[in-house]
Amino acid sequence: MRKKCELQFLRTIKTGKGLMKLVHSLRKIRWKANGRFKGKKRSSLSKAQRQRILEKTNSRCHVCGIKIDLDGFHADHVKTHSSGGAHNESNYLPSCQTCNSYRWHFASEELQIILKLGVWTKGQMLRDTELGLQIANEFVKHEMKVRKRRVSQ
Ligand SMILES: [Zn+2]
């Protein structure tokens, strides 16, 4: 199930232009769809607790909305542990591996800045600016390095 949680489209991209094309096509798909409508150690959750957490979002990642299952989902702290969030059922929402790992331990404000930066950067790509292409190229280089590292491990 973990592989399904990864961004499948990005794995096919090898150039910045390709990434920009993907960003455009994903926006088009969305438009079409819219038109139609460190401290305490974490104790492990029981299967019943995991099931209840998963039901909070009808088996969807609370960040990206991808379908997730009981064995593959991550219990994501709503209030991060590093900012005082408890390790209990009421402070968890289900997420996919990708969203959980990118969310890392960022506080809400940091996440909002990251989200805004990402949205702004995507806007640069959609407007076909030089900066958008430069960012896309650098991002794809970075992603390819990460992929190589994963393959060699
Ligand atoms: Zn997700």
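Values quoted throughout were computed directly from the atomic coordinates according to the rules given, and no laboratory measurement underlies them. As the structure is a prediction and not an experimental result, all values here were calculated from the model. With ideal geometry, Cβ positions are generated from the backbone for all residues, glycine too; neighbour counts draw on all protein chains shown.
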**OP:** Return, ordered by residue number, the residues of the stretch 55-77 whose backbone nitrogen is under 13 Å from a label point located 7 Å along Cα→Cβ of Q49.
**Re:** 75-77
Original post:
What residues have an amide H closer than 5 Å to that of R60, excluding those fewer than 5 places away on the same chain, when H is modeled at 1.01 Å from N in the peptide plane?
Top reply: I68
